[in-house]
Amino acid sequence: MDFKQFFQSFGKKVVTFWKTGKLQRILRITYDVSWNVILFFIILGTIGLFVGVGIGAGYFASLVKDEEVRSYDSMEKAIYNYEETSQLYFANNIYIGDIRSDLHREETSLDQISQTLIDAVIATEDEYFNEHKGIVPKAIVRALLQEFTNAEMKSGGSTLTQQLIKNQILTNEVSFERKAKEMLLALRLERFFEKDEILEAYLNIVPYGRDSLGRNIAGVQTASQEIFGVEANELNLAQAAYLAGLPQSPSYYTPFKSLGDGGGLKSEEGIEPGITRMKVVLNRMLEMEKINEREYQKALAYDITKDFIIETDSPSETYPYLVNELERNATRIIRNLLAEEDGYSPEDLEEDDELKVHYQMLADRDLRQNGYQIHSTIDKDIYDAFQKVVKDYEHYGPDWTYALKHPETGEPIIDEETGEVKTVTEMVQTAGMLFENSTGKILAFIGGREYSLEDQWNYATQSVRHNGSTMKPLLVYGPAIEKGYIQPGTPVADVETTFKIPGRDDWTPKNYSRGRFYGIVPARQALQHSYNVATARIYSMIVEEDPAREYLPKLGFTTLSEEDYDILSLALGAMSKGVKIEENINAFSTYGNNGKFVDGYMIEKITTTDGEIVYQHESPEPVEVYSEQTNYLVLDMMRSVINNGTASRLRSWLTHNNVDWAGKTGTSDNDHDLWFIATNPNVTFGTWLGYDTQYSLDCPSCALPNSQRNQLLWAELVNAATEVRPDLMAPSNRFEQPGGVVSRSVCAISGMLPSELCSELGLITTDLFNSNYIPNEVDDSLIRGAFVTVDGNRVVAGANTPEEFVDGDGIAFNPEFLERNDYNELEDIRSLFPSSNRSAWERIGIPSTDDTIKVEDDGKSPSRPSSVDLSGTTLSWKKSNSKDVVGYRIFRATKPEAKFELIGSTTETEFSIPNIDGVYHVKAVDYFGLESSTSESVIKGEFQEDSDDNDGSNRDDSNEEENQDEDDNQGEDDKTDQDNSNEENDGEGTDEEEGPNNE
């Protein structure tokens, strides 16, 4: 049968079966059964759906039952509570950088963000952002299904609103409870806030990986700056797409390595995932028609890697001392503000360590989270110039290497690996600070030569050092002038002295040039050349008035102990611990501010990012320390330090050497510290040199003496600062002399009005005085009378002193004057004679009294002169070895056997004889009129010998052996006296002062 016949036969059978009606009955039954089954399942499914929704709703309700109903205010505070990095600024609003923080973020507003970036973020993170009400149900269902089926690729179901809730209100905890709360709060947030507000908040909190230094960054503004070096509103399409892709996995997609790996760009392989992610974002933007095909292709071809900023130094690496110091100051300020809000004062914090630590921690947290803008007083140009000079300076001196020793046993510590003694090498460190006199602003500082991450030590603000002779103007000369004890021209005796003051240890200070003293000198010269003993004598005048406690606290010193205030050597800068370098320089700014102390400061103000002032520095009323007159007189004396004293070489190093600088050098005990501080009408600047540990800076091999190494550094720093700010550093005006300061002439011996005798000697000096303390009595230090010279001293003639040796019109010290000033206790009154104008002083006789030089009467005749010689008509001899000789008598006989007769006398050791033949000899005469035996004779001319009559000659010969030892010794004494005389007549010492000797 063919195919056609088969189908015809089959069709007839089907038609026949259909006509029977059996098929219709079967289909009807099947339909009824199927529909009933489907209806059953629809009803069952609907019931299940309601039950499921009910159960789900109940479960959802159980998850969020503990979540409080949040108000608008609480939600606003939460979503805008960014952890924002605080920023540091130089003066004049010049940005330094961010403070050190685990997270860096800078807030911005939506209108300052590129629209391209906004489109990229929405296309990538939440395509329905502008339509949904906080959540997208189908996205949530999709995410749930993926979670339940453990799908390998999960798309996530969070909107931008939910992500904002998660980051700012909830946590990153992975749980259904957190997710439920997130959804509920997202719905509520959308009711309260506009889409732009939500988007702006999100873009400020979203993490963006790391910057080139390896620090974590957040917020689009920070990301734009730290990854591409542009503002958030300057991003191009490729850059925007790259940033929009980062939040999905910030650490994976970021182009930079972590801080632990040293920061910097990843390898080419490491950068690739971020670039791939960028292409995904661009594709999403194309699909959503945010960009066209041309823009898409152009962005794909763009080399984004060339836009990554190169690795740069962080502010803490560029300005380590500055950043650290500003953070420390800002933390202290915020700490005190937080404590004050709770009713505590700064004094309360100092008294309670636990309370202080608590508020310190709160302040540190606020500083790193609240996005403060910290504006300092530091002048960037000067600060930069200082750092360069410090780095390049060549005269610090050598490094010092020493062995580490066990703190208990003192034994050297041995390295277990090498078996060698462990050693430490220290470089000479330096510090300095520049103050504006009138305001106290710290304009620049030097924290040290090399910053250490281990201890982060700032020598300028944290080190406590002995301030040596820089203490003298502050504690001695200023107070002594203020109280009227001295004026610049007041004579002061720089002679060996032991100070015995009740209740204090005896003290015998020495000058820097050990063993040398300078006699009676003006107070100006004592400060100019930094004589320790003269300064100590001045301090002894005022010490009973306790000037240390009266003046030093007013000058801002905080580190002195109670013991320090009571030691006499504090006058020379000796103390138990020391003073801060910052405080010592700050104290000198008092002289630059007309005698008024203004405490230095470094933080001008602290504001929020919105410009609200959190803190504004308000200088307290300046503390008047010295009167205008005292202040000017000390200034003028410190001018002398620079013009003619211990810093006399300074002006030759200055590029602007006509500036009115007044300053003081300082060296502590054993040369552990070198100081120079000076002030001009605008600023005060000081520098310090020293090793970290107490070790001498003495360096015989160095090109410059100790003090000058520091002075040259000071000069180079001033020159550098003057180059950038001549208006500040090199003012044309000078310190103005106030009313009440006048010029007067006084006697250099007593400081009283000149007498005729003082004028006759040429010992009148002229200097400045406070008109309230001009002397009104005439000098009485000198008297006129009959004097002789005994052993080099001018003494008043005694009752038996032969008149032939007496100067009847001489000038001598008045015994009453010597007694009044305790000079009669000196071993040698001549030690009062200074080296300057020495010849005039040596005309002053020394009175012979019980209280001064006493010529002892031993009842013996003086030893005879020796080595008599005749040359032409000049008879000469060596002086007698006796110490009480006042002169010599010369005798002549016409021939050896004739009687000798007196032909003359002299106080010298030579005599011009008549041109007459004869025999000559000499006798010494003492203070009490006794004559020595005759010297050997000399003969002028020729005589016939007469052996029977030469008693005189034989008598002379018989005494020759007896006196030979005395004559020999006399020669040695002559040499010694000459040597001493030469030493005393060296020029005035210009050495820096010695370190003070502790009591």
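Quick notes
- Residue within the range 737-760 that is within 29 Å of Asn657 (Cβ to Cβ) and of a type in the set (S, T, N, Q) present: yes
- Looking across Tyr615, Tyr626, Tyr632, one residue alone is farther than 30 Å from Arg734 by Cα, among the aromatic types (Phe, Trp, Tyr) and either modelled with pLDDT under 95 or over 17 Å from the mean Cα position of the chain (by Cα) (or both). It is Tyr615.
- Filtered residue count, the range 855-872, keeping only those that are among the β-branched types (Val, Ile, Thr), modelled with pLDDT under 95 and either farther than 30 Å from Arg794 by Cβ or not in a loop (DSSP other than H, G, I, E, B) (or both): 0
- When residues in the range 186-242 are screened for being more than 24 Å from Ser158 (Cα to Cα), acidic (Asp, Glu) and surrounded by fewer than 19 Cβ atoms within 10 Å (Cβ to Cβ), 2 of them pass.
- Filter pass, Tyr485 being of a type in the set (Phe, Trp, Tyr) and either crowded, with 20+ Cβ neighbours inside 10 Å or not assigned by TED's automatic domain parsing to the domain that holds Gly645 (or both): no
- Residue list for the range 631-655, filter: in contact with a strand residue (DSSP E or B) (Cβ under 7 Å, 6 or more places away or on another chain), closer than 19 Å to Gln487 by Cα and hydroxyl-bearing (Ser, Thr, Tyr): Tyr632
- Scanning the range 285-322 for residues that are of a type in the set (D, E, K, R), loosely packed, with under 14 Cβ neighbours inside 10 Å, at pLDDT 90 or above and assigned to a loop (DSSP other than H, G, I, E, B) turns up Glu289, Asp303.
- From the options Ser781, Ser836, Ser831, residue that is small (Gly, Ala, Ser) and buried (at least 20 other Cβ atoms within 10 Å of the Cβ): Ser781
- Where a residue in the range 867-878 is farther than 23 Å from Ser933 by Cβ and its partner, wherever it lies, is exposed (fewer than 12 other Cβ atoms within 10 Å of the Cβ), with Cβ under 6 Å and at least six apart: Thr873/Asn915
- Criterion violated by Pro346 - all others in (1) without any contact (Cβ under 8 Å) to a residue 12 or more places away in the chain; (2) surrounded by fewer than 11 Cβ atoms within 10 Å (Cβ to Cβ) satisfied: (2)
- Some residue of the range 323-341 being among the charged types (D, E, K, R) and over 31 Å from the mean Cα position of the chain (by Cα): yes
- Breaking point among (1) out of contact with any helix residue (DSSP H, G or I) (no Cβ under 8 Å at 6 or more places or on another chain); (2) crowded, with 21+ Cβ neighbours inside 10 Å, for Met729: (1)
- Sole residue being in contact with a strand residue (DSSP E or B) (Cβ under 6 Å, 6 or more places away or on another chain) and assigned to a loop (DSSP other than H, G, I, E, B), chosen from Gly503, Gly448: Gly448
Here is a yes/no grid of residues against (1) part of a loop (DSSP other than H, G, I, E, B); (2) among the acidic types (Asp, Glu); (3) free of Cβ contacts under 8 Å to residues at least 60 places away in the same chain; (4) assigned by TED's automatic domain parsing to the domain that holds Val790:
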residue	(1), (2), (3), (4)
Ser839	no, no, yes, yes
Ser880	yes, no, no, no
Tyr888	no, no, yes, no
Ala898	yes, no, yes, no
Val925	no, no, no, no
Gly929	yes, no, no, no
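- Only listed residue being touching a strand residue (DSSP E or B) at 6+ places or on another chain (Cβ under 9 Å), in the same structural domain as Ser438 (by TED's automatic domain parsing), in a loop (DSSP other than H, G, I, E, B) and buried (at least 22 other Cβ atoms within 10 Å of the Cβ), chosen from Ser530, Ser589, Ser619: Ser530
Yes or no, residue by residue, for (1) closer than 15 Å to Glu436 by Cα; (2) of a type in the set (D, E, K, R):
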{"position": "His656", "(1), (2)": "no, no"}
{"position": "Val659", "(1), (2)": "no, no"}
{"position": "Thr665", "(1), (2)": "no, no"}
{"position": "Asp673", "(1), (2)": "no, yes"}
{"position": "Ile677", "(1), (2)": "yes, no"}
{"position": "Pro681", "(1), (2)": "yes, no"}
{"position": "Thr687", "(1), (2)": "no, no"}
{"position": "Gln694", "(1), (2)": "no, no"}
{"position": "Leu697", "(1), (2)": "no, no"}
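- In the range 268-294, the residues that are not assigned by TED's automatic domain parsing to the domain that holds Ile309 form no Cβ pair under 9 Å with any partner that is modelled with pLDDT of 95 or more and not in a helix (DSSP H, G or I), whether six or more places apart or across chains.
- Of all positions in the range 842-852, none carries a residue that is touching a Pro at 6+ places or on another chain (Cβ under 8 Å), modelled with pLDDT of 90 or more, assigned by TED's automatic domain parsing to the domain that holds Ala786 and not charged (D, E, K, R).
- In the range 641-653, residue farthest from the chain's Cα centre (by Cα) [restricted to those that are touching a residue at least 40 places away in the same chain (Cβ under 8 Å) and surrounded by fewer than 20 Cβ atoms within 10 Å (Cβ to Cβ)]: Asn644
- The set of residues in the range 223-264 being under 43 Å from the mean Cα position of the chain (by Cα) and among the aliphatic types (A, V, I, L, M) consists of Ala223, Ile227, Val230, Ala232, Leu259.
- Leading residue by the ranking (nearest to Glu942 (Cα to Cα)) among those in the range 900-920 that are of a type in the set (A, V, I, L, M, F, W, C) and in a strand (DSSP E or B): Val919
- If you filter the range 490-510 down to residues that are buried (at least 23 other Cβ atoms within 10 Å of the Cβ) and not β-branched (Val, Ile, Thr), you find that the one that is farthest from Tyr565 (Cα to Cα) is Pro491.
- Residues located in the range 83-100, provided they are surrounded by fewer than 20 Cβ atoms within 10 Å (Cβ to Cβ) and modelled with pLDDT under 80: Glu83, Arg100
The values are calculated or read from the model by the stated rules, or taken from the named source; none is laboratory data. The structure displayed is predicted, hence computed values, not measured ones. So basically every Cβ, Gly included, is an ideal-geometry build from the backbone, and we count neighbours across all protein chains shown.
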